[in-house]
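Just so it is clear, none of the values below were taken in a lab; they were calculated from the coordinates. Source: prediction; values computed, not measured. For neighbour counting, all protein chains shown are included, and Cβ atoms are generated from backbone atoms with ideal geometry for every residue, glycine included.
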């Protein structure tokens, strides 16, 4: 498919209709590169009154990125005086501003919700994940490449067996993609993270609860700080701010999951201590992790390996795979940055090399 030039788009000086501008802005949506191309859809819809169609990105024309930012700026700076509908004007300015923010990196964007397609034995499932605007250093509010890769890999471990209800604990759940994917395979999953991450985690659990239940799984959420690994508050109704109904979790789990959670020298020790606290004593208990192989944090991964060995856990399976950290590019007017490509290490740990 040949690329359209920015000059092929409706130009402001021609006074295009609001429908034409909104259609163009939908086509210019910059989708995260960690999505599968066939999965990417523009989920922003205009009001029925404006008659804007939903755009499937895989079917939309491809635009040469050169000059797109200038084109968007021309829309934002225009008074659109030929358009009489004030609501339509506001929608056009908003969508043009969103397209600009998408081209300024993930940290410049506001909140967004997006869908991830995850394989399962019964076919693909679609999970809706909300990510608030990034503020401070709450990295758990963003879905990272390692989480998406592990979510897609989970069915290959054959953890859920007929007639057996599998109990799973996820540590550092973040936006909840991995834990929700596990629950959608039919497991009962407790997803945990810090207090600051928990409200968004609850939202994603509620948004996906129906599909989880349809697949005979269940999800609950709790607050677990690895610096105090023996204490986990499980919120029965999910809402940390208003729900006073919680219990102190005291169940150990035959399967523990964790992804992309080593980004300080203390984290390997804290994570492994937490794993040791909550992993069941069964000989076939497993820990499944996936971490990006970023140069700055390779010592943390080695440290994690050493600590896992000290508590008697061995690598049963391991491998490498490649994904993209979404919104890793600074702008579409530049060539794609190879730094967005992330090589990840996944591993399955157990107490015995013959563990099943």
| note | For the residue 218, residue 79 Cβ pair and Förster radius 41 Å, calculated FRET efficiency rounded to 0.05 is 0.20
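Take the Cβ-Cβ distance between residue 245 and residue 321 as r, set R0 to 30 Å, and report the resulting FRET efficiency rounded to the nearest 0.05.
Numbers: r = 40 Å, r/R0 = 1.35.
The calculated FRET efficiency here is 0.15.
What ranking do 272, 189, 342 get, fewest neighbouring Cβ atoms within 10 angstrom at the top? Don't jump to the answer; show the numbers that get you there.
Details: 272 24, 189 29, 342 20.
Least crowded to most crowded, the residues run 342, 272, 189.
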| field | Ranked list, fewest to most other Cβ atoms within 10 Å of each Cβ, for 232, 348 | value | 348, 232
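Sort 195-202, 66-73 by packing, meaning the average of other beta carbons within 10 Å per residue, with the highest value first.
Values: 195-202: 19.9, 66-73: 16.1.
Per-residue mean Cβ counts within 10 Å order the peptides as 195-202, 66-73.
Between residue 341 and residue 284, what length comes free when the chain is fully extended (0.36 nm per residue of separation minus the Cα-Cα distance, one decimal in nm)? Show your work: numbers first, answer last.
On the way: separation 57, 0.36 × 57 = 20.52 nm, distance 3.43 nm.
The span from residue 341 to residue 284 would gain 17.1 nm if fully extended.
What order do you get for 157, 253 when you list them from fewest to most C-beta neighbours inside 10 Å?
Numbers: 157 15, 253 23.
Fewest to most other Cβ atoms nearby, the residues stand as 157, 253.
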